[in-house]
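The structure under discussion appears below in the form of structure tokens.
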Amino acid sequence: MYYPFLRGRQFELIALRELSQENEIQGYVSSIIEPVKKSLNSLTLANRIFFETNQSNFLILNPEVGEKKGDTEFYLEFLNGLENCSFKPAFHFRRNSNYIREKIEKYQLRDCLIIGTNEIQSTDQNFREVIEIESVRKVVINDPDRNRDLKRYLQGQEIEFIRLDDLFEPESRNSNFLPIVSHRFSEEHKYFLDDNYSGFSDYTILSSDFIEGGSTPRAVVIHFTYMNNENQIWIRHFTSNSNDTIADVQGKFGEAARKAVEYCRSHNLQNSAIIELEDYFDQGHYPGLGMVKKISIKNHITLVANYLRSIE
């Protein structure tokens with residue numbers, strides 16, 4: 001199972017909604033969504049669509065970033081108030097075993113997921129108490145190979161162990177992507193079972209750093225993952241050429257989209273995200289930077305889901 005880690009921003013939720021409605025990911029993908037807004041409208045709409053399409057995702061109830069971060073009950077109350085809840089509960093562990101235990105008991109939560117870091121000591125009693133809670137079924141650890149004691153401890157427990165890798169390499173400026181050639185992105189989809197993990201997670205084609213808002217970029221980049229002949233996931237950064245000023249974002253999108261569309265057509269690549277990008281390019285329509293990000297996220301998740309479906 002693939003567990004893409006996404007922040008609950010508008011276009012990330014739209015990507016997940018559309019993939020659910022297209023029946024592209026059910027049974028192969030279960031996203032971990034960290035909400036960053038106190039407005040719950042987008043999450044409520046997403047929950048309805050996930051429920052209608054039988055798509056299950058995890059919602060982090062004590063986010064580390066955003067407008068309602070911390071060990072609060074804000075998102076617990078939201079989850080508890082949903083009429084048809086599709087979300088499963090997830091918690092960040094930060095030596096807060098009392099908080100996690102109390103909330104699981106108070107809200108009678110089941111099938112919980114815990115997110116921890118590789119800084120946790122395998123002997124940490126606070127962490128062990130959380131892992132031993134009956135309702136906790138899954139644990140996610142970032143870059144677990146950096147803490148082999150913790151890795152061995154978790155692989156010896158009756159719990160589903162998921163690795164989280166921070167794969168995307170950001171640049172300080174979008175224009176810096178222009179000279180970067182394609183490069184290897186991930187192989188975890190090939191080896192997670194052999195390495196005794198029950199699943200794998202990453203931040204898709206996004207940076208793990210949370211940045212609130214954004215400014216008009218000098219360059220437009222379409223981050224595009226694809227599978228090579230060895231079933232490795234590689235990434236290309238289709239970047240605009242006219243990057244001296246922030247003017248004419250539409251023209252910059254056209255430059256980047258032309259490169260992406262020509263590459264996909266020459267390599268016979270197609271999925272719903274690619275078709276949408278081709279339509280925008282063919283019509284000369286600029287959909288906005290949020291939609292560009294949505295297309296890249298959809299392409300990546302579809303790529304992984306299709307691979308997992310192919311090896312069954």
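The values are calculated or read from the model by the stated rules, or taken from the named source; none is laboratory data. As the structure is a computational prediction, the values presented were derived from the model and not from experiment. Backbone-built Cβ (ideal geometry, glycine too); neighbour counts: all protein chains shown. In case anyone asks, the SASA skips ligands and DNA or RNA and just uses the protein heavy atoms, side chains included. Shrake-Rupley method; radii C 1.70, N 1.55, O 1.52, S 1.80 Å.
Could you tell me the calculated FRET efficiency between residue 52 and residue 145, based on Cβ-Cβ distance and R0 = 35 angstrom, to the nearest 0.05?
Values: r = 39 Å, r/R0 = 1.12.
Using R0 = 35 Å, I get an efficiency of 0.35.
For the chain, with every protein chain kept in place, what is the accessible area per residue (1.4 Å probe, Å²)?
Solvent-accessible surface per residue comes out at 47 Å².
How far is it, in nm, from the label point at residue 231 to the one at residue 110 when both lie 7 Å from their Cα along the line to the Cβ?
My value for the distance between the label points is 3.4 nm.
Work out how far the C-alpha atoms of segment 1-165 reach from end to end along every principal axis, then list the three figures in whole Å, largest first.
So the three principal-axis extents are 42, 31, 26 Å.
Report, ordered by chain and residue number, the lysines lying within cross-link reach of residue 252, taken as a straight Cα distance under 27 Å and ignoring same-chain residues fewer than 8 apart.
293, 294, 298
When only C-alpha pairs under 8 Å and at least 6 residues apart count, what is the relative contact order of segment 1-165, in percent?
Result for segment 1-165 is 15 percent.
Using the Karplus curve 6.51 cos²θ - 1.76 cosθ + 1.60 with θ = phi - 60°, work out ³J(HN,Hα) for each residue of segment 190-204 in order, rounded to whole Hz, and write x for Gly and Pro.
Per residue, the Karplus-derived 3J(HN,Hα) values read 7, 10, 4, 6, 4, 8, 6, 9, 8, x, 9, 9, 7, 9, 6 Hz.
Using a 1.4 Å probe on the protein heavy atoms, what percent of the accessible area of the chain belongs to carbon and sulfur?
Answer for the chain is 42 percent, counting heavy atoms of protein chains only.
With every protein chain kept in the model, how would you rank 164, 82, 269 by accessible area, 1.4 Å probe, largest at the top?
269, 82, 164
Given labels modelled 7 Å from the Cα in the Cβ direction, how far is it in nm from residue 121 to residue 190?
Going by the 7 Å Cα→Cβ label model, 3.8 nm.
Taking only pairs that are 8 or more places apart or on different chains, how many Lys pairs in segment 1-165 have Cα atoms under 27 angstrom apart?
Lysine pairs meeting both conditions in segment 1-165 amount to 28.
Calculate I(q)/I(0) for the chain by the Debye formula, one identical point scatterer on each C-alpha and no solvent, and give its log10 at q = 0.10 Å⁻¹ to two decimals.
-0.58
Compute the distance in nm between two label points, each set 7 Å from the Cα along the Cα-to-Cβ direction, one at residue 134 and one at residue 242.
Once both label points are built, they end up 6.5 nm from each other.
Quote to one decimal, in nm, the extra length available between residue 182 and residue 308 on full extension: 0.36 nm per residue of separation minus the C-alpha distance between them.
43.1 nm
Positive end of the dipole of segment 1-165, charges at C-beta (+1 Lys, Arg; -1 Asp, Glu), about the Cα centre: which of 164, 130, 63 has its Cα farthest in that direction?
So the residue we want is 63.
Order 285, 223 by their accessible area, 1.4 angstrom probe, all chains in place, largest first. The partial results should precede the final answer.
Values: 285 90, 223 25 Å².
Largest accessible area first, the residues go 285, 223.
From the protein chains alone at 1.4 Å, what is the descending order of accessible area for 175, 266, largest first?
So the residues, ranked largest to smallest area, are 266, 175.
Counting other Cβ atoms within 10 Å, which chymotrypsin sites (Phe, Trp or Tyr not before Pro) in segment 173-256 have at most 15 and lie in a DSSP loop? Let's see the in-between values first.
Values: sites: 177, 185, 191, 192, 197, 200, 203, 210, 224, 226, 234, 238, 253; in loops: 192, 197, 203, 210.
Sparse-neighbourhood loop chymotrypsin sites (Phe, Trp or Tyr not before Pro): 210.
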